[in-house]
Amino acid sequence: MMPTRATPHARSEQETRWIFRWRWPSAAPFPALIPCALAALPFALLLGLVRVKVAAPQFEMASKASWIQLTDTADGRLWAMRAKEGGPLLSRYEPSTCQAYATLEEAPMQATRIAPQTYLPKLRELPQQGPLEPLALAAKGETVFPRRTRELAAPSAMPASRLVPVLYPLSALGECGLPQSLPPLVGDLDAATAAAEWRFLLRLHPAGGVAECVSLTEAAGAGAKLLENWLHGVTFDPRLALDGGWLAVGIQFNNQASRGTEPR
């Protein structure tokens, strides 16, 4: 249902109950301009009666200056003081120009100043006779310094030792490794045999012992035969004999005490 518009009579009755009239009446816009005109009329009247008068300057600044030369006399100093006091710039008291102030400042500075002192060492007289007597000149062929006799300590007795063969691997041995215990070497080694680098190719039998021993070192003789016999007494891990049983080892020699590890 469409809302019905209020009639002009109903709107006038509703506006009579308003405290303030919130909008201008659309029928009479000109009566609202009357108060503005009444307020502007006195303002225009007062604006026409006010007159601002700009006075001309009473004096003019001339582009000129005066210069007076004062000599260093009593009259000159007096005129200079009057010029400072009567000039545009304020005069002030400068303490540095006062001789009495300079004297007062110099007095405490002289009192607190440390006078430099020149150090003069006191010399003592030397004794008539020195504490050491002069040495006489040595005669020809005479020994000046005493002869020192050096006491040599007796050499300590070294424990008896012998060369013991030790194995080191030349081929991969895996987890088996070299045997923990080695048999003693039966026989004496000469210097040539101990200095040579011995390498052997070994073939093991199923029990781990050495079935064949081939020397890879050019040196031969009694030393090679002695080491071959010693290798035949070495027992390796039987697992090394499963894959053909061939392996390569080297031999080096270490000094070992004849009566255990501790000297007696």
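The values are calculated or read from the model by the stated rules, or taken from the named source; none is laboratory data. All values derive from a computational prediction rather than experimental measurement. Cβ sites come from the backbone with ideal geometry, for glycine too, and all protein chains shown count toward neighbours. The accessibility values were calculated without ligands, DNA or RNA, using every heavy atom of the protein model including side chains. Shrake-Rupley method; radii C 1.70, N 1.55, O 1.52, S 1.80 Å.
Remark: spin-label model distance Arg77-Ala40 equals 7.8 nm, labels positioned 7 Å along the Cα→Cβ axis. Extending 7 Å from Cα along the Cβ direction at Asp190 and again at Arg147 yields two label points whose distance is 4.8 nm. For the set Asp188, Asp75, solvent exposure ranked by accessible area (probe 1.4 Å, protein chains only) runs largest to smallest as Asp188, Asp75.
Taking a straight line from the alpha carbon of Lys140, not one of the aspartates and glutamates sits under 16 Å away once near neighbours fewer than eight places off in the same chain are left out.
Within the assembled protein chains, the solvent-accessible surface assigned to Trp246 is about 130 Å², based on a 1.4 Å probe. Kirkwood analysis of the Cα pair distances in the range 146-257 returns a hydrodynamic radius of 16.0 Å.
Annotation for Ala222 and Leu173: the two label points, set 7 Å from Cα along the Cα-Cβ direction, are 3.0 nm apart.
Tell me, what is the FRET efficiency for Leu89 and Ala55 to the nearest 0.05, using R0 = 41 angstrom and their Cβ-Cβ distance as r?
With a Förster radius of 41 Å, E is 0.85.
Heavy-atom accessible area with a 1.4 Å probe sorts Met109, Met61, largest first, into Met61, Met109.
Rolling a 1.4 angstrom probe over the protein chains, ignoring ligands and nucleic acids, what is the accessible area of Ile251 in square angstrom, nearest 10? Accessible area, nearest 10 Å²: 10 Å². Over the Cα atoms of the range 144-186, the radius of gyration divided by the Kirkwood radius equals 1.48; this is the Rg/Rh ratio. Accessible surface ranking for Leu202, Leu123, 1.4 angstrom probe, highest first: Leu123, Leu202.
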